[in-house]
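Enquirer: After the structure tokens below, expect a handful of questions from me.
The values are calculated or read from the model by the stated rules, or taken from the named source; none is laboratory data. Since the structure is predicted, the reported quantities are computational estimates derived from the model, not experimental observations. Neighbour counts run over all protein chains shown; Cβ positions are idealised from the backbone, glycine included.
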Amino acid sequence: MKLELGNFYVKDIEFGAKTAFNDGILTINKEEALEVVFKDNHITEADLRIVKPGDMVRLVPVKEAIEPRFRVGGGPVFPGVTGKLMQAGEGETRCLKDMSVLVVGKHWGGFQDGLIDMGGEGAKYTHFSSLKNVVLVADTDEEFEQREQQKKNHALRWAGMRLAEYLGEAVKDLEPEDKDTYELEPLTKRSKELDELPSVAIVMQPQSQMEEKGYNDLNYGWDTNRMLPTFMHPNEILDGAMISGSFMPCSSKWATYDFQNFPLIRRLYQEHGKTINFVGVIMSNLNVALEQKERSAQFVAQMAKSLGVDAAIVTEEGYGNPDADYIGCLVALEDAGVKTVGVSNEATGRDGGSQPLVTLDPKADALVSTGNVSELIELPPMDEVIGELEALARDGLSGGWEDDEVLGSSVKEDGSIIMENNAMFCGDRIAGWSPKTMKEF
Amino acid sequence: MVKEIEKAGFTVVQMANLIPVAKTVGANRMVPTISIPYPLGDPSTSKEEQWELRYHRVGVALDALTTEIEEQKVFDVEI
Amino acid sequence: MKKAVVYLNQFFGQIGGEDVADHAPEIREEKVGAAMLYNQLLDAEVTHTVICGDNFMGSRTEEAVETILDFLKDVDFDIFFAGPAFQAGRYGMACGEIGKAVKEEFDVPVISSMNIENPGVEVFKKDIYIFPGGHSAAKMRDDVKKITDFGNKILNGEKLLPAEKEGYYKRGIRHQYFLEDETPAYERAIDMLLKKINGEEFESELPIPELDLVEIAPAIEDLSKTTIALVTSGGIVPVDNPDKIQSASATRWGKYDISAMDKLDNREDLAFKTIHAGYDPAAADADPNVVVPVDAMRKYEKEGRIGKLHDYFYSTVGTGTTQKEAARMGKEIAQELQDANVQAVILTST
């Protein structure tokens, strides 16, 4: 399977008469773009904004981030989600780099939503603070969940994907500046040189813990709660097969943008043929019952063994009870003779004194830590808020609160905030970007 | 929490789905439940089935309270 | 000028040797012995020296600690030093005991120095900053320099670096940290993986700590004479959540009267629901007994298998709750249970 990702580096974004990409400038016809957003009549209000690194702008509640793309030869960017089901990971897809579409609730937030500061001290916390972003800020008539802490955010997330596809069409007829080529030979048809290198897989555990549909990450549109671990080609992940869900405390989240760019996968590709033989992806999931967790770990270990995997990276989109899936999977692989490295965040509490993961095992002896979900973060007011700052305190964001005996409300009268890292949008960058680790103090 | 209660001298049994978690936090007597969101009654089964399961597993927990143990122990359930 | 207090034993406080190790605690408004060295090196003035015999502290710990805390009640100080204790075991334990108590009582930074062989390190490294020190007083100047340098950083409000950089013994307190060179996690992961594959040494970013177990409580002899309480971390509360228990990172718990109930009614009946944000609430909202099995316990009570179901159940939320908070809430609940004469507990968690 061979995938070419054609790169168009976006140097600036502006509104203008015609949606087009010229010399690094993405121009957007706002009216036309909003028509795409309003195609779903559950969207009641919508506006587009452009924010850039350094802007003193705070975005909250942020629900999703997507890289705008265009699939050459036709077909949806997200097969089975924004259009018909088709094979992802083959052929050419064009990407608007250094930018994303961010989806922000105009009013209502929830447990799974987060915050992004584009400038100032808070900008160091998220990958998206370093990108140019088209911000869709909108409201919906999904009143059934307005006051619910857990929101599916369906209309908003899908509007974001439509918008990303619309913007991607700007490069439909253009030649990319450069291309990244991703190709793996079929497993049984690899050269002797490759076969002699250690075989490495990546095991992904996307968030899939809601039993009700509409909250979990989707695999080609299929709810990941309803799947058993399966073998996938890494190109599929990089090419829109997986989309993010709407459930997990936000710093642990993998946005759809993260799946599209998954740095751990790209890094394994770089080593392919040099130091490792990259086998592919074992797509597992996260579960709510012990037996389900054990079943998934068993499937993963069996698959790794059958595929001849010598070593694996395991990474989870979450913390708390999903740590049992994570550690369980690492242990099952080690027991099967597979050398493992885990990548995840920790939850050591605001005081740093709590057990880092809810289950621990000495066999998990090689772990990379990307942050502490409960770290307290205080940030000054910003010049502007896009969305609604009050949502951080009012709507049960996982890192926000309405009142606390000692700390008061997350949102202060002057617009400054105090929150847990939990509410930082994809703040622990578990997909691999995190410049953070955990240290003893 | 379970440790503080046991430290205070109470005989305590933890009913939890994630036994590895309960073990890691230091529970001594443990009885497994069927899931995280519904430890003692699967909503996709009938009310009667849920009741039978709950009555049984709570009964196992009561057995656990009356059992002397030497080390951390997970008590077996039948349904 | 900020102010410091220094704790020394009878020897370094110039009272005498082993023969006066029973010396009772005293406080002097002056710089005695090693306190003078502290005063030279600190960006603060050492205003008081506390001196106590090692045997006094060792054998009459509570009395010694109380006396010293009482001395310090009216003293204005910003930082507290104890030692250095080198390899002297009793001195190390004394520095730890008083350091821990001062930290708890006055919430000021407490810093000590001990040789790694000193038993005080293992016992107190989680409570106060302890720096590795030499075997004997020959290292006095080096050891005091190390801890006053660190003390000065704190006094001057400088950013503190991780334990490995500052040099004190690790305390089991973990915080997130932006790496100076910003090496992203994917590089660290690949690097660790290749090392592990090649059998080279690597360093996990999360070393697995040892399990901390409590003594097993004895079995209940006769359940039919026992009052049993239900406690849950599953966040079951009355629908209006009267104690405002948080959905995650909880710091509050509630107790709810069930003495007149055969079961817990649900959210639709405006009785009980879950506010736990870490799991799908549908099933618990529809039937809270799946989390807090009041109905089953009532049945066992009627059958005479148990003496009594305690009149209240206790509830909080487990997700994201710090160990410290969970331990505090656990203690508070345990106290309630003791007062109510409960003998056994079923704890349900989600």
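Enquirer: Does the range C:323-334 include one or more residues that are outside any helix (DSSP H, G or I) and more than 7 Å from chain B (Cβ to nearest Cβ)?
Expert: Applying the first criterion (outside any helix (DSSP H, G or I)) to the range C:323-334 yields none.
No, because not a single residue in the range C:323-334 is outside any helix (DSSP H, G or I) and more than 7 Å from chain B (Cβ to nearest Cβ).
Enquirer: Within the range B:11-53, how many residues are of a type in the set (A, V, I, L, M, F, W, C), surrounded by fewer than 24 Cβ atoms within 10 Å (Cβ to Cβ) and either part of a loop (DSSP other than H, G, I, E, B) or at the interface with chain C (Cβ under 7 Å from one of its Cβ atoms) (or both)?
Expert: Summing the residues that are of a type in the set (A, V, I, L, M, F, W, C), surrounded by fewer than 24 Cβ atoms within 10 Å (Cβ to Cβ) and either part of a loop (DSSP other than H, G, I, E, B) or at the interface with chain C (Cβ under 7 Å from one of its Cβ atoms) (or both) in the range B:11-53 gives 1.
Enquirer: Please work out if residue A:55 is more than 20 Å from the chain's Cα centre (by Cα), buried (at least 19 other Cβ atoms within 10 Å of the Cβ) and acidic (Asp, Glu). Talk me through it step by step, then tell me what you get.
Expert: Values: more than 20 Å from the chain's Cα centre (by Cα): yes; buried (at least 19 other Cβ atoms within 10 Å of the Cβ): yes; acidic (Asp, Glu): yes.
Here the answer is yes, as residue A:55 does meet what is asked.
Enquirer: Report every pair of residues separated by at least 6 positions or lying on different chains whose Cβ atoms are under 9 Å apart, first residue within the range A:335-361 and facing chain C (nearest Cβ under 7 Å), second aromatic (Phe, Trp, Tyr).
Expert: Once the first residue is facing chain C (nearest Cβ under 7 Å) and sits in the range A:335-361, its partners that are aromatic (Phe, Trp, Tyr) give A:341/C:202; A:343/C:186; A:346/A:319; A:347/A:319; A:352/A:441.
Enquirer: Now a separate question. Taking into account only those residues within the range C:296-322 that are at the interface with another protein chain (Cβ under 7 Å from one of its Cβ atoms) and either in contact with an Asp or Glu (Cβ under 7 Å, 6 or more places away or on another chain) or not in a helix (DSSP H, G or I) (or both), which is nearest to residue B:17 (Cα to Cα)?
Expert: Taking the range C:296-322 first, the residues at the interface with another protein chain (Cβ under 7 Å from one of its Cβ atoms) are C:296-297, C:299-300, C:305-306, C:319-320, C:322.
Keeping just the survivors that are either in contact with an Asp or Glu (Cβ under 7 Å, 6 or more places away or on another chain) or not in a helix (DSSP H, G or I) (or both) gives C:305-306, C:319-320, C:322.
On the way: C:305: 25, C:306: 24, C:319: 14, C:320: 17, C:322: 20 Å.
This residue is C:319.
Enquirer: Something else about it: Out of the residues in the range C:150-178 that are exposed (fewer than 15 other Cβ atoms within 10 Å of the Cβ) and assigned to a helix (DSSP H, G or I), state the one that is nearest to the chain's Cα centre (by Cα).
Expert: Per the criteria, the residue is C:164.
Enquirer: Just to be sure before I move on: is residue B:64 farther than 25 Å from residue C:262 by Cβ and either within 7 Å of chain C (Cβ to nearest Cβ) or free of Cβ contacts under 8 Å to residues at least 60 places away in the same chain (or both) in the structure I sent?
Expert: Numbers: farther than 25 Å from residue C:262 by Cβ: no; either within 7 Å of chain C (Cβ to nearest Cβ) or free of Cβ contacts under 8 Å to residues at least 60 places away in the same chain (or both): yes.
When the stated conditions are applied, residue B:64 does not pass them.
Enquirer: Next question, about the same structure. Of all residues in the range A:362-396, which are part of a loop (DSSP other than H, G, I, E, B), closer than 30 Å to residue A:58 by Cβ and either facing another protein chain (nearest Cβ under 10 Å) or among the charged types (D, E, K, R) (or both)?
Expert: In the first step, residues of the range A:362-396 are kept if they are part of a loop (DSSP other than H, G, I, E, B); the result is A:362-366, A:373-375, A:380-383, A:388-390, A:395-396.
Those left that are additionally closer than 30 Å to residue A:58 by Cβ: A:373-375, A:380-383, A:388-390, A:395-396.
Answer for the range A:362-396, where residues must be part of a loop (DSSP other than H, G, I, E, B), closer than 30 Å to residue A:58 by Cβ and either facing another protein chain (nearest Cβ under 10 Å) or among the charged types (D, E, K, R) (or both): A:373, A:374, A:375, A:383, A:388, A:390, A:395, A:396.
Enquirer: While we're looking at this one, here's another question. When residue C:252 is evaluated against the numbered criteria (1) closer than 22 Å to residue B:5 by Cβ; (2) basic (Lys, Arg); (3) within 7 Å of another protein chain (Cβ to nearest Cβ), which criterion, by number, is the only one it fails?
Expert: (3)
Enquirer: In the range C:208-227, is there at least one residue being surrounded by 15 or more Cβ atoms within 10 Å (Cβ to Cβ) and polar (S, T, N, Q)?
Expert: Scanning the range C:208-227 turns up at least one residue that is surrounded by 15 or more Cβ atoms within 10 Å (Cβ to Cβ) and polar (S, T, N, Q).
Enquirer: On to the next question. Quick check: is even one residue across the range C:193-207 part of a loop (DSSP other than H, G, I, E, B), touching a His at 6+ places or on another chain (Cβ under 7 Å) and either modelled with pLDDT of 95 or more or farther than 30 Å from residue A:394 by Cβ (or both)?
Expert: Going through the range C:193-207, the residues part of a loop (DSSP other than H, G, I, E, B) turn out to be C:198-207.
This time we only want the ones that are touching a His at 6+ places or on another chain (Cβ under 7 Å), so: none.
No - not one qualifying residue is present in the range C:193-207.
Enquirer: Being touching a residue at least 40 places away in the same chain (Cβ under 8 Å) and within 18 Å of residue C:141 (Cα to Cα) is the filter here; which residues of the range C:82-94 pass it?
Expert: Of everything in the range C:82-94, those that are touching a residue at least 40 places away in the same chain (Cβ under 8 Å) and within 18 Å of residue C:141 (Cα to Cα) turn out to be C:82, C:83, C:84, C:85, C:86, C:87, C:88, C:91.
Enquirer: Does any residue of the range C:112-127 turn out to be away from chain A (no Cβ under 14 Å) and without any contact (Cβ under 8 Å) to a residue 12 or more places away in the chain? Before you say what the answer is, go through the steps one by one.
Expert: Residues of the range C:112-127 that are away from chain A (no Cβ under 14 Å), as a first pass: C:112-124.
After this cut, where a residue has to be without any contact (Cβ under 8 Å) to a residue 12 or more places away in the chain as well, the list is C:122.
There is at least one residue in the range C:112-127 that is away from chain A (no Cβ under 14 Å) and without any contact (Cβ under 8 Å) to a residue 12 or more places away in the chain.
Enquirer: Are there any strands (runs of 3 or more DSSP E) wholly within the range A:34-130 with 3 or more residues that are in contact with a strand residue (DSSP E or B) (Cβ under 9 Å, 6 or more places away or on another chain) and among the aliphatic types (A, V, I, L, M), and if so which? Steps first, please.
Expert: On the way: elements: A:43-51, A:57-66, A:69-71, A:91-97, A:99-105, A:114-117.
In the range A:34-130, A:43-51, A:57-66, A:99-105 are the strands (runs of 3 or more DSSP E) which contain 3 or more residues that are in contact with a strand residue (DSSP E or B) (Cβ under 9 Å, 6 or more places away or on another chain) and among the aliphatic types (A, V, I, L, M).
Enquirer: Residues being in a strand (DSSP E or B), of a type in the set (A, V, I, L, M, F, W, C) and either over 19 Å from residue C:149 (Cβ atoms) or touching a Ser or Thr at 6+ places or on another chain (Cβ under 8 Å) (or both): count how many of those fall in the range C:114-135. Outline the logic, then answer.
Expert: Filtering the range C:114-135 for residues in a strand (DSSP E or B) gives C:114, C:129-132.
Adding the requirement that they be of a type in the set (A, V, I, L, M, F, W, C) leaves C:114, C:130-131.
Checking which are either over 19 Å from residue C:149 (Cβ atoms) or touching a Ser or Thr at 6+ places or on another chain (Cβ under 8 Å) (or both) leaves us with C:130-131.
Adding up the residues that qualify gives 2.
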